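Everything on this sheet refers to the single structure shown next.
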Amino acid sequence: MYKKLFLAMLLAFTALPFYAKAGVRVMEKRITKQEADFYDGVSRLLQQHVVNGQVKYKALQRDETKLDGLVKQIAQYNLSAASGSEKKAFYINAYNVLVLKQVLMQYPVKSVMDVAGFFDKQKFRVAGESLTLNELENKKLRAPYQDARIHFALVCAAKSCPPLLNKAYTPKLVEKQLESQTRQSLQNPDFIKILPKQKQVQVSEIFKWYEADFLAEAPSVIAYINKYTSMLIPPQYNTRYYTYNWQLNEASN
């Protein structure tokens, strides 16, 4: 009996490559209409209104109906059968889209810091839950994933934020996209300012506000940055934080 069971298991295992070559999907999650509609819609909107990581808010304001459609999708999105990667991609996109929506709710505005409760009071429906932007970031992304790269994907509508990706993060590509976005940010000399004469590196205050997230993945801020840069920063350099520029990340027309 055991011999027959072993042979049956062996045949099933060796048949997998055949079915894969024949075009048969083996244990592959199908993309639902909900996923396709949402991620395609996010990409189309961002590709039209994001240039070099900055946002064309005036043009976006004229296209607000499409943005409102995405806000509605975010409210109704069903995550009951979602994988970890789908939830991760969804919540990143939801954060960035809802930041854009809230900016337009106050536009024209010079800075989101001029809007009371922008991050901790204004609530939106997100997959059936009522959440502020801070709750979305902390409860749905930071806590469950403990992935410091998320800080280079979430864009809070400020000049000192990492650049906004001009397409959606998708469940299939989210890990590669986070890796790419982190490398792009940390190799940007305007974001990480190395001053060899002073033996100093000036970094974004993101590294101060979320220091614990970075130190969970590296022994120091410099060590974390060095994981993603080709030009290594000497570990003995002093670390300083430059003042965060909260001016709106509006693209110049």
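The values are calculated or read from the model by the stated rules, or taken from the named source; none is laboratory data. Not measured: the values here are computed from a predicted model. Here the Cβ positions follow ideal geometry from the backbone for every residue, glycine too, while neighbour counts run over all protein chains shown.
Yes/no matrix, rows are residues, columns are (1) surrounded by 15 or more Cβ atoms within 10 Å (Cβ to Cβ); (2) outside the structural domain of ILE150 (by TED's automatic domain parsing); (3) at pLDDT 95 or above; (4) charged (D, E, K, R):
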| site | (1), (2), (3), (4) |
| --- | --- |
| LYS176 | no, no, yes, yes |
| LYS197 | no, yes, yes, yes |
| GLN202 | yes, yes, yes, no |
| GLU205 | no, yes, yes, yes |
| PHE214 | yes, yes, yes, no |
| PRO219 | no, yes, yes, no |
| ILE233 | yes, yes, yes, no |
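Those residues that are assigned to a loop (DSSP other than H, G, I, E, B) and either without any contact (Cβ under 8 Å) to a residue 12 or more places away in the chain or not aliphatic (A, V, I, L, M) (or both), I need them from the range 147-171; list them, please.
ASP147, CYS156, LYS159, SER160, CYS161, PRO162, PRO163, ASN166, LYS167, TYR169, THR170, PRO171 - these are the residues of the range 147-171 that are assigned to a loop (DSSP other than H, G, I, E, B) and either without any contact (Cβ under 8 Å) to a residue 12 or more places away in the chain or not aliphatic (A, V, I, L, M) (or both).
GLU217 is checked against (1) assigned to a loop (DSSP other than H, G, I, E, B); (2) closer than 30 Å to ASP40 by Cα; (3) not aliphatic (A, V, I, L, M) and fails just one. What number does that condition carry?
All conditions are met except number (2).
Tell me, which helices (runs of 4 or more DSSP H) lie completely within the range 31-115 with 3 or more residues that are of a type in the set (Val, Ile, Thr) and closer than 19 Å to ARG125 by Cβ?
Passing ranges, in order: 64-76, 84-106.
Only one of these conditions is not met by SER185: (1) without any contact (Cβ under 8 Å) to a residue 60 or more places away in the chain; (2) part of a loop (DSSP other than H, G, I, E, B); (3) farther than 28 Å from GLN34 by Cβ. Which number is it?
Of (1) without any contact (Cβ under 8 Å) to a residue 60 or more places away in the chain; (2) part of a loop (DSSP other than H, G, I, E, B); (3) farther than 28 Å from GLN34 by Cβ, only one is false for SER185: (2).
What are the residues in the range 235-253 that are at pLDDT 95 or above, over 18 Å from ASN188 (Cα atoms) and either touching a Cys at 6+ places or on another chain (Cβ under 7 Å) or loosely packed, with under 12 Cβ neighbours inside 10 Å (or both), if any?
PRO235, GLN236, ASN238
Tell me yes or no: at least one residue of the range 179-194 is at negative phi, loosely packed, with under 15 Cβ neighbours inside 10 Å and touching a strand residue (DSSP E or B) at 6+ places or on another chain (Cβ under 8 Å).
yes
Return only the number of the condition from (1) more than 11 Å from ALA157 (Cβ to Cβ); (2) part of a helix (DSSP H, G or I); (3) in contact (Cβ under 8 Å) with a residue 40 or more places away in the chain that LYS139 does not satisfy.
(3)
If I filter the range 21-54 down to residues being surrounded by 12 or more Cβ atoms within 10 Å (Cβ to Cβ) and polar (S, T, N, Q), which single residue comes out as modelled with the lowest pLDDT?
Per the stated criteria, the residue is THR32.
Can you tell me how many residues within the range 52-81 are in contact (Cβ under 8 Å) with a residue 40 or more places away in the chain and in contact with a Phe, Trp or Tyr (Cβ under 9 Å, 6 or more places away or on another chain)?
Counting residues in the range 52-81 that are in contact (Cβ under 8 Å) with a residue 40 or more places away in the chain and in contact with a Phe, Trp or Tyr (Cβ under 9 Å, 6 or more places away or on another chain) gives 9.
So, in the range 232-253, exactly how many residues are assigned to a loop (DSSP other than H, G, I, E, B), farther than 19 Å from LEU60 by Cβ and in contact (Cβ under 8 Å) with a residue 24 or more places away in the chain?
9
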